[in-house]
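See structure below.
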Amino acid sequence: MTPALPRRVAPSTPRVRSVLPGVRLTLGFTLAYLLFLVIIPLSTLFVRTARLGWGGFLEAATTPRAIAAYRLSVGASVTAALVNGVFGLLVAWVLTRYRFTGKSIADALVDLPFALPTAVAGVALTTLYSQNGLIGALFAPHGIKIAFTPLGITVALTFIGLPFVVRSVQPVLETLPKEIEEVAATLGADRWQTFRRVILPALAPALVAGVSLSFARAIGEYGSVVFISGNMPGRTEIAPLLIMSKLEQYDYSGATAIAVVMLLLSAVILISAGLLQRRAAKRAV
Amino acid sequence: MSTTIAPPAARHGIPPGPRAKRHTVTTATGESATARWILIGTALAYLFLFLGLPLFVVFEEALKKGVGAYFTALRDPELLHALRLTLLVAGIAVPLNVMFGLAAAWAITKGRVRGHALLVALADLPLAVSPVIAGLTFMLLFGMQGWFGPWLKAHDIQIAFTVTAVVLATIFVTLPFVARELIPLMEEQGVTEEEAAVTLGASGWQIFRRVTLPNIRWGLLYGVVLCNARAMGEFGAVSVVSGRIRGQTTTLPLHIEILYNEYDFTAAFAASSLLAMLAVVTLAAKHLLERSHHAARARLIQEQQERQS
C-alpha cells in the first residue's frame, strides 16, 4: 500500500515510464481514499461473518423470514429486469431509429430514475399506485391491488431499472452498421426476420449487460421500495428492508449475515451475466 | 411515416423522365408507417406513464391544498434544517469525491500504474453494493458493537448517528461518479499533450490547470452533476447511519420519510418537490453536458485520426 508502486516498465515501447509529475502523490491519495472508504468498511462484513462462525452464519441467514425475503427480492428483481429488457429495448430502438416531436424530452426522461432521489420516487409511486391513486384506482375495481403487494414492489424496481437497459443498448444500436440490415433485406428477409436474426444477436451482449445491471440495482434497492412495499415480514419484506429492521433491533450479526448472502447473490448474478454476455458476443461475431 | 424516396436520377438533379415519377415506398431497412407509429406510441406511452407521471404527481400532491399551504410547508424550520443539512453533506462529499476522481484518473491514466484494473474495479464497487449494506458497514465500524465502537466510546467520540456518519456514508455511495467519467476520458486523451508541457518546463500544477483541465472540463462537470444528485438524494445508506434523529441528522430525503409516515402529505410532497426540481435541473444539465462532452470527444477522436494519417 505504499505510493511507490513500481510503474509499468515496457522496454519495447518508447513510453517506458511516466515522466509526468504527481503520479506518486495522486496514487497515494487514491489508495488511501479507497482503503479507508471502501476496503476497510466492506471488509467489516466478512470479519463479522467470520466471527459468527459457519453455524451461526447459517442460522442467521436461513431463518424462514430471511428465506422469504430473498425469494421476494430475487423474484421481483428478475421480473423487473426482464420487463425492462423488453421496454428498454423498445425505448432505445425508438430513440435511435425514428424522428418525432418530443424526442429529446423523452430521451432526457429516460434518466429520471437516476436523477430522482429514491425516497421521492418511493412516495410518488406509492401515491400513484395505491387504491385511490391515479393508476391504482384504474385497477382497484378489478380487484387488483398494486401498492403494498409484491406487484407494487416489482413496479418500483422496474421504475429504477429502466435507464440501465436503455443506456446500455442505445450506443450499440447507434453504431450498428446499416449495411448488415441492407444485406439481410437483399437476401429476402423481412423486417421482423432481420430484427430477430441480425439485429437482436448484435444487441444481445449489451442487452444482457443492461438487464443484469438493472437486476443488480433492483436487488439492493431500498428507498423507492420501502414506501410501496407495506413491509409485512414474510410477505412484502424484501431483503434490504429485512437488513434495516435487523439494524433497528441492533441485531448487527443477523443484518450482516443477510447482507453477505445478498452480496454473494448479486456477485453470482453479475458474474454469470458476464459469462452470458461473452457467449452472446462470440455468437454475434 | 414512410419515406419519400426520389429516384436516383432526381437526386442527381436530372429532371425526371416519364417513368421516373416520385413515389412513396417503405424502404427495405425501415418499418412500415403503422409499425413505426405503434412502436413510437408504445414507447412514449410507457415513458410518460411510467416515468413522467411519478414526477408530475409530486408537484400535483404538493400543490393540492394550494400555493399558500405549499409555501407554509416549505418554511417549516425542520424542513429548512433538513435542506441545510443536505446542502452541507453534498458540499463536503462532492468536492472530496472530485479530488478523488481527479487523483485516481491522473494516477491511472497519466501514471499508467500497474494494477489499474483493480483500482478501477475498487472505485466502481460502491455502485454494486446496496445502500443499506453500505450503511451497515459504517455501523460495523463505528457503532457501539463496531470495530472502533469501544475505542470511540472510551474517548467520548460519537460517530454513529451523527452528521459525520451521514457524510461518510454519502461519500461512500457517491465515490464512483466522478472517477468513472474521468478515467475513460483521460485514457482516450493519452499523455502526449502533458508530456509536451513537461518538456517545456511546466510544473505539475501548471500542466493540470492549463493542459489537462481544459480537456476534461465537460466530463468533470458531468460527473459532478451526477455525483451531486446522488449525494443530495441518498436515502438508504444515510437512513442506516443517521439514526434518523429528527431535526439533527435528518437530511431532506429522510425528512420526507418522516413527514410521509406522519400522513403529512402536503409537507412530504413539498419537500419532495425540492428534490424533484433538483432532478429536473440535473437531467437538463446532463442533457446539455452530454452534447458538449460528446462534441469534445468527437473532436478529440478526429484530431487523433488526423495525427495518425
At the level of C-alpha centres, the distance separating the stretch B:188-242 and the stretch B:245-261, in angstrom, is 32
Using the Cα centre as the reference, give the magnitude of the dipole from point charges on the C-beta atoms of the protein assembly as shown (Lys, Arg: +1; Asp, Glu: -1; all else neutral), rounded to the nearest 20 debye. 1480
What are the ³J(HN,Hα) values, in whole Hz, obtained from phi via the Karplus relation 6.51 cos²θ - 1.76 cosθ + 1.60 with θ = phi - 60°, for each residue of the stretch B:191-205 in sequence order, with x given for Gly and Pro? 10, 4, 5, 5, 5, 4, 5, 4, 5, 8, x, 6, 7, x, 5
Averaging sequence separations of C-alpha pairs under 8 Å and six or more residues apart, then dividing by the length of the stretch A:157-242, give the relative contact order as a whole percent. 41
Using +1 at the Cβ of each Lys and Arg and -1 at the Cβ of each Asp and Glu in chain B, identify which of B:Leu74, B:Pro54, B:Leu125 lies farthest towards the dipole's positive end. B:Pro54
For B:Lys110, list the aspartates and glutamates whose Cα falls under 14 Å from its own Cα; do not include residues on the same chain fewer than 8 positions away. B:Glu187, B:Glu188, B:Glu193, B:Glu194, B:Glu195
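Counting only C-alpha contacts under 8 Å and six or more residues apart, can you give the relative contact order of chain B as a whole percent?
Result for chain B is 25 percent.
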Once amide H atoms are placed 1.01 Å from N in the peptide plane, what residues at a sequence separation of 5 or more from B:Val113, or on another chain, have their amide H within under 5 Å of its amide H? none
Given A:Val198, A:Ala280, B:Ser242, which one lies farthest toward the positive end of the charge dipole of the protein assembly as shown, if we put +1 on the Cβ of every Lys and Arg and -1 on the Cβ of every Asp and Glu? A:Val198
Which value at 222 nm does chain B reach when only helices count, each DSSP H run of 4 or more adding -39,500 (n - 2.57), with the total divided by all residues and rounded to the nearest 500 deg cm²/dmol? -22500 deg cm²/dmol
Round to a whole angstrom and tell me the spacing of the C-alpha centers of the stretch B:95-133 and the stretch A:57-136. 28
Value of relative contact order over chain A, rounded to a whole percent, pairs C-alpha under 8 Å and six or more apart: 26
For chain A, what is the mean residue ellipticity at 222 nm derived from helices alone (per DSSP H run of n ≥ 4: -39500 (n - 2.57); sum divided by total residues; nearest 500 deg cm²/dmol)? -23500 deg cm²/dmol
So for each of A:55-68, B:148-161 I average, over its residues, the number of other beta carbons within 10 Å; can you give me the resulting order with the highest mean first? A:55-68, B:148-161
Placing unit charges on C-beta atoms (Lys and Arg positive, Asp and Glu negative, everything else neutral), compute the dipole magnitude of chain A about its Cα centre in debye, rounded to 20. 860
Taking a cut-off of 20 Å between Cα atoms, list the lysines near A:Lys103, but don't count ones fewer than 8 places away on the same chain. B:Lys286
Check the straight Cα-Cα distances from A:Lys282 and name the lysines below 21 Å, setting aside those fewer than 8 residues away within the same chain. A:Lys178
For chain B, size of Cβ-based charge dipole, Lys and Arg +1, Asp and Glu -1, in debye: 960
Convert each backbone phi in the stretch A:100-108 into a coupling constant with the Karplus relation 6.51 cos²θ - 1.76 cosθ + 1.60 (shift: θ = phi - 60°), then list the ³J(HN,Hα) values in order as whole Hz, x for Gly and Pro. 7, 6, x, 5, 6, 5, 4, 5, 5
As a footprinting exposure proxy, order B:Glu290, B:Glu262 by other Cβ within 10 Å, with the fewest listed first. B:Glu262, B:Glu290
Taking the beta-carbon count within 10 Å as an exposure proxy, list B:Val89, A:Val19 from fewest neighbours to most. A:Val19, B:Val89
Would you look at the GNM of chain A, springs on alpha carbons closer than 10 Å, and say which of A:Phe159, A:Phe100, A:Phe87 moves the most? A:Phe100
Among B:Leu118, B:Leu182, B:Leu85, residue whose mean-square fluctuation peaks in a GNM of chain B (springs only between Cα atoms under 10 Å): B:Leu118
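Read-outs throughout are calculated quantities, based only on the coordinates presented, and are distinct from any laboratory measurement. Bear in mind that the values here come from a model prediction, so they are computed numbers and not experimental data. All Cβ positions, glycine included, derive from the backbone under ideal geometry; neighbour counts span all protein chains shown.
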